[in-house]
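Chemist: Right, I'll just put the structure down here and ask away after.
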Amino acid sequence: MRRKIYDTLLDWKNKEKGRSALLIDGARRVGKSYTTLQFAKREYRSYIFIDFNIAGRQVEELFDQYLNDLDTFFLYLSTLFKTKLYERETLIIFDEVQLCPRARAAIKYLVADGRYDYIETGSLMSIKKNVKDIVIPSEEHHIEMYPMDFEEFLWAAGNESMMDLIRLNHDAGKPMGQVMHREAMNLFRQYIIVGGMPQAVEEYFDSKNFEQVDRIKRNILSLYRADIIKHAEGYQLKVESFFDEIPEQLQKHDRKFKLSSLKKGARLREYEDAIFWLQDSMIINMAFNTTEPSIGLKLNRDRMTLKCYMADTGLLISHSFDENGIVTNDLYKKLLFDKLEVNEGMIVENIIAQMLTASGHKLYFYSNSSREDKESRMEIDFLIRKPDVTSRHNIVPIEVKSGKNYTLTSLKKCMKKYSEQMYMPVVLHSGDMMEKDGIKYLPLYMASLL
């Protein structure tokens, strides 16, 4: 399972040369441990992999007793794991480091010592329980790992050239052509319904059995629920109810999350801890309304109006269709061939949120429900900033369309009302690339290239 983050790890190793530790944050089962182990085996003479799920007190006590005597610390570590350590040629991995905050705090001293390289992996890195009574080491370089993106999915399918062709045509502003566009859309629909969790992707290409794939995804969802019960101390029920409500809220026309659906009269302050927990676990992607579609998207953020997407669209499908426990092959095939009577808009918008997040964008949308001013009333699915900031025209408005027949009323209003702020508007749709009336139309699978 080839992952792009591997190149990031290699770049860190070659440039930092032990001057910092790498912290990989990501949801459970996203591939952190697997990728880090592959990296250790290929790029180092020896490695030690400490899984704090099973490490035991004997290992944890080393961080309490011997940090002021690192020679003894490393001697014990080498003996316990039956591994010889080589200066500047050994990698030590702290897996699920959030379970041992003392080990995370020790990074300051281990990096200063300089003998070995260190990678930490984990989730829920910022919640109070996991940072209590420790100083977060400034020697940490923090990166995030997401589910497999479309290109990684194509690599898993054995297709090394499709994304190169997609990128070439995107950069040249040329359509893919009927045959290649149809092939790309077919692969993209497979990506949507399987998702990007490595275990599910591997099973799909091994067996092409959707029921087996769905079983894996449901096991992951069960793991998330177990984490909620175990780690969301004091607000487990709020986290679980918010998590369970996601598919129903995305099914609505405007996709905005109504807290009143959780409890009559519910207020954001009651659910802030629950929302933060889900964000920090990287199980969800949050999008916030901006009151002014200008360069200061974050400055104009309305925290009371939000959308909540699943971080992996494949998991969203298993989370949504759970009446019988397992989504059948027949249902998956109807989704694949667009033959199921379902609000496909929520699935397509979720995958675009997933792709934009993995590409480094924070998620913002624009919603104005003015009753007095008809021309101000509009809904824009996503707003992103163009790469190079200029004095004007910095914001790219994005509309996501799942069907073949659609209108662009809100987008045209936005172009007219905010002409000074808007850069080239984009419509992501199931058709091929084209430009018309100052709007760029891109196939859905090009979203990651924005």
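Chemist: Out of (1) acidic (D, E); (2) closer than 30 Å to L411 by Cα; (3) surrounded by fewer than 22 Cβ atoms within 10 Å (Cβ to Cβ), the odd one out for D312 is which?
Modeler: (3)
Chemist: Hey, another quick one. Among what's in the stretch 342-360 and is in a loop (DSSP other than H, G, I, E, B) and in contact (Cβ under 8 Å) with a residue 40 or more places away in the chain, pick the residue that is farthest from the chain's Cα centre (by Cα).
Modeler: By that ranking, first place goes to N343.
Chemist: How about the stretch 250-306: which of its residues are closer than 23 Å to M125 by Cβ and in a helix (DSSP H, G or I)?
Modeler: Of everything in the stretch 250-306, those that are closer than 23 Å to M125 by Cβ and in a helix (DSSP H, G or I) turn out to be Y271, E272, D273, A274, I275, F276, W277, L278, Q279, D280, S281.
Chemist: I'm trying to understand the selection: among the residues of the stretch 361-400, which are more than 21 Å from C308 (Cβ to Cβ), part of a loop (DSSP other than H, G, I, E, B) and not polar (S, T, N, Q)?
Modeler: Selection gives R371, E372, D373, R377, K386, P387, D388, V389, R392, H393.
Chemist: Can you spot a residue in the stretch 212-232 that is in contact (Cβ under 8 Å) with a residue 24 or more places away in the chain, under 29 Å from H429 (Cβ atoms) and of a type in the set (K, R)?
Modeler: Yes, that holds for at least one residue.
Chemist: Just checking: which of the helices (runs of 4 or more DSSP H) contained wholly in the stretch 1-72 hold 1 or more residues that are under 28 Å from the mean Cα position of the chain (by Cα)?
Modeler: 5-16, 32-43
Chemist: Also: Name the one entry in M446, M415, M424 that is at pLDDT 90 or above, in contact with a Gly (Cβ under 9 Å, 6 or more places away or on another chain) and in a helix (DSSP H, G or I).
Modeler: The conditions single out M415.
Chemist: Right, another one. Across the stretch 362-395, what is the total count of residues that are surrounded by 19 or more Cβ atoms within 10 Å (Cβ to Cβ) and within 30 Å of M145 (Cβ to Cβ)?
Modeler: Qualifying residue count, the stretch 362-395: 11.
Chemist: Do the conditions hold for G234, that is, is it at positive phi, assigned by TED's automatic domain parsing to the domain that holds L335 and either not in a helix (DSSP H, G or I) or not hydrophobic (A, V, I, L, M, F, W, C) (or both)?
Modeler: For G234, the condition - at positive phi, assigned by TED's automatic domain parsing to the domain that holds L335 and either not in a helix (DSSP H, G or I) or not hydrophobic (A, V, I, L, M, F, W, C) (or both) - is met.
Chemist: With respect to M434, is the statement that it is at pLDDT below 95, among the aliphatic types (A, V, I, L, M) and over 24 Å from the mean Cα position of the chain (by Cα) true?
Modeler: no
Chemist: Another question, then. I'm checking my understanding of the structure. Among residues of the stretch 367-376 that are over 17 Å from R301 (Cα atoms) and free of Cβ contacts under 8 Å to residues at least 24 places away in the same chain, which one is nearest to the chain's Cα centre (by Cα)?
Modeler: Restricting to residues being over 17 Å from R301 (Cα atoms) and free of Cβ contacts under 8 Å to residues at least 24 places away in the same chain, the top hit is S370.
The values are calculated or read from the model by the stated rules, or taken from the named source; none is laboratory data. Predicted model, so just to flag it, every value in this text is computed and none were measured. Here the Cβ is made from the backbone with ideal geometry for all residues, glycine too, and neighbour counts use every protein chain on show.
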